[in-house]
Amino acid sequence: MAGEKQAYEKAISAGLNLAWEGEWEKALAEYEKALADFANAIKLDAEYADAYSGRGFTYLLMGKPDKAIADCSKAIELESTS
């Protein structure tokens, strides 16, 4: 059990770091890199609402409103159940 908890905590920490990198890359208009970081953060924690909202906003900046709406809707769904 202790090993599983450590692995989970490590994944959460890695996901948080990836999401912050995504935010930074989004601010620099490096949208493809930002999308990759947000996607990897979501792979590590599928319930990480901030990663979905970050990716959604990145899609919006890229002119992809349908993808933006899908990710932002997922972020709202996750936030409303937490």
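List of remarks:
- Single residue of Glu4, Glu77 found to be among the acidic types (Asp, Glu) and either buried (at least 20 other Cβ atoms within 10 Å of the Cβ) or at pLDDT below 95 (or both): Glu4
- Of all residues in the stretch 24-42 being surrounded by 14 or more Cβ atoms within 10 Å (Cβ to Cβ) and of a type in the set (D, E, K, R), the one that is nearest to Ser13 (Cα to Cα): Asp37
- Some residue of the stretch 47-62 being surrounded by fewer than 15 Cβ atoms within 10 Å (Cβ to Cβ) and within 26 Å of Gln6 (Cα to Cα): yes
- The listed residues are Asp45, Asp66, and the only one of them that is out of contact with any Pro (no Cβ under 7 Å at 6 or more places or on another chain), of a type outside the set (Phe, Trp, Tyr) and at pLDDT below 95 turns out to be Asp45.
The values are calculated or read from the model by the stated rules, or taken from the named source; none is laboratory data. Here the structure is a predicted model, which is why all the values come from computation and not from measurement. Cβ atoms come from the backbone with ideal geometry, glycine included; neighbour counts cover every protein chain shown.
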